[in-house]
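Student: One structure follows; several queries about it will come next.
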Amino acid sequence: MKASFDIAANTYDQSFTNTKIGRLQRNLVYQLLSKHLHQIKDILEINCGTGEDAIWLAKQNFNILATDISEKMITVGKTKNQYHNLTFALLDINQIPEKKDIGTFDMVFSNFGGLNCLTKTELELFFNSITNNLNKRGKLALVIMPKNTTWEQFYFLLKGKFSKAFRRKKEVAIANVDGENVPTYYYNPKDIINLAKTSFNILESKPIGFFIPPSYLEPFFKNKIGLLNFLNHLENRIKGWSLLSKYADHYIIILEKK
């Protein structure tokens, strides 16, 4: 991975983590993730960003190794850390197979599109190699951006920006992350299943942000709390509908080591 996200580190919590949309989407991830945390003790988080999810997991007494390619993201995360069971470390996903001393875990977790920075070849290699870092029946819990996001298509078509409306269908798109241009690859649940099927069984896939809008619409919804709460209500009504995963802003997919 070439993108370091260092530029985004100082503003990420402001532009996403602490926004109303960011909180709603993250809470939905936590609801769906919590069903798979039974009998889990040790968790490796990749693409941990500023550590918000790692801290949430540490508060529940899981042992967390939170990693990211961005040194500045890790620095921000360390300033928040008050937990003996949480460790931050600088690590590129593609270098995990080379880290012989990283250990094994009951779960590997990645939130909000971190794996969308990997090419198809890199992602397939990740699935084939990460089994070495998972205990027996270990799980992958991955939040990924799909190709067919209804919100994005509707928004950009409404603005007459037709090329942007279907940008996720391109082989590679450029996403602007707080001023940093990041090559991004979008994967529907079926793509992930096909890439991971040699080493993993799928347990479930659920939408994250079918009704809740993408975070770049925060300025529009900032003063429309009633509307946002209504959309959140609708989101919770359909959060178990697997078929909507490829049409949401993100989806969570849970895989189990064979």
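Student: Rg to Rh ratio, the stretch 70-131, alpha-carbon atoms and Kirkwood radius?
Tutor: Value, to two decimals: 0.97.
Student: On to the next question. Assign one of three labels to the stretch 117-218, namely rounded, prolate or oblate, based on the Cα gyration tensor with a ≥ b ≥ c the square roots of its eigenvalues; rounded applies when a/c is under 1.5, prolate when it is not and a/b is larger than b/c, and oblate otherwise.
Tutor: Judged from the Cα gyration tensor, the stretch 117-218 comes out prolate (a/c at least 1.5, a/b above b/c).
Student: Take every Cα pair under 8 Å in the chain that's 6+ residues apart, average their separations, divide by the length, and report that relative contact order as a whole percent.
Tutor: Result for the chain is 22 percent.
Student: Sticking with this structure for a sec: For residue 100, list the lysines whose Cα falls under 25 Å from its own Cα; do not include residues on the same chain fewer than 8 positions away.
Tutor: Qualifying lysines at Cα under 25 Å: 2, 41, 72, 78, 120, 136, 139, 197, 257, 258.
Student: For the chain, with the dipole built from +1 on Lys and Arg beta-carbon atoms and -1 on Asp and Glu ones, taken about the Cα centre, which of 254, 184, 148 lies farthest toward the positive end?
Tutor: So the residue we want is 148.
Student: For the stretch 1-89, calculate the relative contact order in percent as a whole number, restricting contacts to Cα pairs under 8 Å that are 6 or more residues apart.
Tutor: Values: 109 pairs, mean separation 28.3, N = 89.
Dividing the mean separation by the residue count of the stretch 1-89 yields 32 percent.
Student: Using the alpha-carbon centroid of each, what span in Å lies between the stretch 81-101 and the stretch 1-65?
Tutor: Cα centroid to Cα centroid, the span is 14 Å.
Student: Rg to Rh for the stretch 186-258: what is it, with Cα atoms only and Rh by Kirkwood?
Tutor: Rg divided by Rh gives 1.10.
Student: Please report the base-10 log of the normalised intensity I(q)/I(0) for the stretch 178-221, using a Debye sum with one equal scatterer per alpha carbon and no solvent, at each q in 0.22 (1/Å).
Tutor: Once normalised to I(0) and log-transformed, intensities are -0.93.
Student: Alpha carbon centre of the stretch 120-147 versus the stretch 197-258: separation in Å?
Tutor: 20
Student: How would you rank 47-56, 115-124, highest first, on the average number of other Cβ atoms within 10 Å across their residues? Mind showing how you got there, number by number?
Tutor: Numbers: 47-56: 24.1, 115-124: 17.7.
The most tightly packed comes first, giving 47-56, 115-124.
Student: Moving on to the next point. What share of Cα pairs, in percent, lie more than 23 angstrom apart in the stretch 1-128? Before the final figure, lay out each step's value.
Tutor: On the way: 2399 of 8128 pairs.
Taking all Cα-Cα pairs of the stretch 1-128, the fraction more than 23 Å apart is 30 percent.
Student: Only four residue types carry charge here, +1 at the Cβ of Lys and Arg and -1 at the Cβ of Asp and Glu. Report the dipole size of the chain about the Cα centre in Debye, rounded to the nearest 20.
Tutor: 840
Student: Moving to a separate point now. Taking a cut-off of 26 Å, what percent of all Cα-Cα pairs in the chain are separated by more than that?
Tutor: So the portion of pairs separated by more than 26 Å is 37 percent.
Laboratory data are not the source of any read-out in this text; all were calculated from the coordinates shown. Owing to the predicted nature of the structure, the values given are computational and were not obtained by experimental measurement. Ideal geometry is used to build each Cβ from the backbone, glycine not excepted, and the neighbour counts take in all protein chains shown.
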